[in-house]
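Visitor: What follows is a single structure, and I will ask about it in a moment.
We did not get these values from a lab; they are worked out from the coordinates using the rules stated. Quick caveat: nothing in here was measured; it's all calculated off a predicted structure. When we count neighbours, we look across all protein chains shown, and the Cβ atoms used for this are built from the backbone with ideal geometry, even at glycine.
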Amino acid sequence: MDEAIINLLRYCPEVGGPCLVWKVSKRSHIKENMMAGSKAKEGYWQVQINKKNYPAHRVVYFLCTGLWPIAQIDHIDGNPSNNRIENLREATVQENGQNRKLNINNCSGYQGVTFSKSTNKWQAQIKANGSYKYLGVFITAEEAHEAYKMAKREFHQFNPEVRQEG
């Protein structure tokens, strides 16, 4: 399969999206230098080769490094459609989790911060090494977020900075 991918696709960050173009015309709807791939679920791109779908970010990583990633591929900026090689890095499941977006049901507006009805205060926690670490309760969500940011720098060495949402 490696040879087929090398013969069929070229990394081309100028096209955006999958950052892949076809090297050859294939069938009536695939033309040389045409953008390869289509948007799949959750904003990720995929490319189909020999009736099998491949995540575009993994193909880009392979074409640029010559190696198939052993683990997951993390999109550094959190945008699953940005497959430029400088935005991709190999990551374990735990490392990739350090770069998560804010959950859709988050009511505080801050990663790792929730409101505790029992204490009527904001609490902070962080997941590290497979378990949650409780960071305390705080009067404001901003104070809880500061505690989370400090803990993130300590426990999330792969991705120590909190991503700016929005």
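Visitor: Per 5 Å bin, what percent of the C-alpha pairs of the chain does each bin hold, from zero upward?
Guide: The distribution over the chain is 1, 9, 15, 17, 14, 11, 9, 8, 6, 5, 3, 1, 0, given as percents.
Visitor: Which far-off residues, 5 or more places away or on another chain, put their amide H under 5 Å from the one on Lys127, with H placed in the peptide plane?
Guide: Counting only residues 5 or more places away or on other chains, the set is Lys133.
Visitor: Could you tell me what % of all Cα pairs in the stretch 1-98 have separations over 22 Å? Don't skip to the end; give the middle numbers.
Guide: Working: 1093 of 4753 pairs.
Summing the P(r) of the stretch 1-98 above 22 Å gives 23 percent of all pairs.
Visitor: In whole angstrom, and with the biggest value first, how far do the Cα coordinates of the stretch 79-137 range along each principal axis?
Guide: 46, 23, 14
Visitor: Taking the Cβ of each residue in Tyr11, Tyr61 as the centre, tally the other Cβ atoms inside 10 Å and list the residues starting with the fewest. Walk me through the intermediate numbers first.
Guide: On the way: Tyr11 18, Tyr61 21.
Fewest-to-most Cβ neighbours within 10 Å comes out as Tyr11, Tyr61.
Visitor: Still on this structure, please answer the following. Under 20 Å from a label point 7 Å along Cα→Cβ of Met1: give me every residue in the stretch 42-57 with its amide N that close.
Guide: Answer for the stretch 42-57: 44-57.
Visitor: Please compare each pair in Lys39/Lys101; Lys121/Lys149; Lys41/Lys117; Lys41/Lys101 to a cut-off of 26 Å on the Cα-Cα distance and tell me which ones are over it. All intermediate terms of the calculation are to be shown ahead of the outcome.
Guide: Values: Lys39/Lys101 19 Å; Lys121/Lys149 18 Å; Lys41/Lys117 35 Å; Lys41/Lys101 16 Å.
From Lys39/Lys101; Lys121/Lys149; Lys41/Lys117; Lys41/Lys101, over 26 Å: Lys41/Lys117.
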